[in-house]
Amino acid sequence: GDSVTQMEGPVTLSEEACLTINCTYTATGYPSLFWYVQYPGEGLQLLLKATKADDKGSNKGFEATYRKETTSFHLEKGSVQVSDSAVYFCALSGDYKLSFGAGTTVTVRA
Amino acid sequence: ETGVTQTPRHLVMGMTNKKSLKCEQHLGHNAMYWYKQSAKKPLELMFVYNFKEQTENNSVPSRFSPECPNSSHLFLHLHTLQPEDSALYLCASSQGTGGTGGANVLTFGAGSRLTVL
């Protein structure tokens, strides 16, 4: 079945450092790919998405490119802030169900 | 109110209690979901409702009983729970469940933190 594998955390960074969270997927067909973010004490919220190969999703300085050849959707940000501290989830939408990765906890220190 | 609202935010119950979690969405969505989020484990899909009909029960124990009276409201009735059921229960909604693209982008509530003693 469809599945998503993302790098395990936790990840601790200093402010203004670069962040990359790796995500690879296994799916039949042509899924949509998502990154969700969960800030402390809150539910998940959509960060960005890409619905077809070579699409780039972007939001709040984060970017991810849908790479069909490597079945990847890595999340990147060039300069993180303390407010980016959160748990990040890669997700895949197949026929009708959303499959989530295990989540990566990111802590940004001032 | 806008978005997806869950109540209560925190719940502590004994193993013999009966309680319910409530979820309400104000987005005009047709599909609603319950997820379980436990520490150090992936999000677990529990139930999916589409147009009030249950379309997914992910082998959830019968001590969890969902109810979806209309497309805007979703309940999770809890009975005779175990300590390992302690978790954050997340409700979500989406416009639909079919196909890829935007229809199944989920909007989540803030969750109900359940502790079973």
Condition check for residue A:57: more than 10 Å from chain B (Cβ to nearest Cβ) and open to solvent by less than 30 Å² (accessible area, probe 1.4 Å): yes
Residue within segment B:31-38 that is open to solvent by less than 30 Å² (accessible area, probe 1.4 Å) and in a loop (DSSP other than H, G, I, E, B) present: yes
Any chance residue B:80 is more than 10 Å from the chain's Cα centre (by Cα), β-branched (Val, Ile, Thr) and surrounded by fewer than 21 Cβ atoms within 10 Å (Cβ to Cβ): yes
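Having 3 or more residues that are over 21 Å from residue B:107 (Cβ atoms) is the bar; report the strands (runs of 3 or more DSSP E) wholly within segment A:1-55 that clear it.
Ranges flagged: A:3-6, A:11-14, A:19-21, A:23-26.
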Residue within segment B:47-64 that is open to solvent by 20 Å² or more (accessible area, probe 1.4 Å), within 8 Å of chain A (Cβ to nearest Cβ), in a loop (DSSP other than H, G, I, E, B) and of a type in the set (S, T, N, Q) present: no
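The values are calculated or read from the model by the stated rules, or taken from the named source; none is laboratory data. As the structure is a prediction and not an experimental result, all values here were calculated from the model. All Cβ positions, glycine included, derive from the backbone under ideal geometry; neighbour counts span all protein chains shown. Note: areas computed on protein heavy atoms with side chains; ligands, DNA, RNA excluded. Shrake-Rupley method; radii C 1.70, N 1.55, O 1.52, S 1.80 Å.
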